[in-house]
Amino acid sequence: MGTSVSLFSFFKVPLLFILWLPKHSADPDQLKAPRLIRAANGGSLTVSCWYDSQFRDNSKYWCRGAVYEFCKIVVKTPKQRNHNRWSIADDKEAGAFIVTMTSVRQSDGDKYWCVVARPGRNIVAGVKLIVSNKVIAPTSTMPENSSESNEQDKTRWWEPLRWIIFSSMLFSLVSAHGAVWRIKAAHKT
């Protein structure tokens, strides 16, 4: 009995990780956003997050934080909402929600996330905001494959790696279960 309790405690974190992986794997074509945006200190910015038409009626939001799982929601639909300097509007016909910020500050530079909420798992796309003191020409908020390829390469390495880790942990879990079963069978005889 003590062996099975200690093994459960040992495998609790990997088991939670195994449950986390499928929840966070999504088709990258379901939500698109620019990987990098630049804004001038004191200026404004507009970001368009393009989603697949199947998510037309889902709630959308924009959150801030280096890691999606710990990000703080800044603005959220279903209706156009204004929050201090931020606003969000969902154009269901175009399949995009638009986030606007006014009076950009140097402290606003951070990682942000376009999010389509849905049961089971949300769909996310990360956006890095860089704030400069120089006047910046407006940048396109449409995802451009050529200019984003380096940034995508930096983030896509994780996708195959997490499945390798998932498989390794699953194999370890099954192996440990088999070892415990053999030990119990040996003690019974």
Handout entry: Options Arg118, Arg105, Arg56: the member that is surrounded by fewer than 17 Cβ atoms within 10 Å (Cβ to Cβ), within 18 Å of the chain's Cα centre (by Cα) and not hydrophobic (A, V, I, L, M, F, W, C)
Key = Arg118
Handout entry: Matching strands (runs of 3 or more DSSP E) fully within region 48-136 where at least 1 residues are in contact with a helix residue (DSSP H, G or I) (Cβ under 6 Å, 6 or more places away or on another chain) and within 19 Å of Lys32 (Cα to Cα)
Key = 110-116, 123-132
Handout entry: Boolean, Asn150 is outside any strand (DSSP E or B), at pLDDT 90 or above and within 19 Å of the chain's Cα centre (by Cα)
Key = no
Fill in the blank from the handout: Selection from region 39-53 of residues over 12 Å from Val116 (Cα atoms) and either buried (at least 16 other Cβ atoms within 10 Å of the Cβ) or touching a strand residue (DSSP E or B) at 6+ places or on another chain (Cβ under 8 Å) (or both) yields Ala39, Ala40, Asn41, Gly43, Ser44, Leu45, Thr46, Val47, Ser48
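The values are calculated or read from the model by the stated rules, or taken from the named source; none is laboratory data. It should be emphasised that the depicted structure is a prediction, and the values quoted were computed from it without experimental measurement. Please note: Cβ atoms are built from the backbone with ideal geometry, for glycine as well, and neighbour counts cover all protein chains shown.
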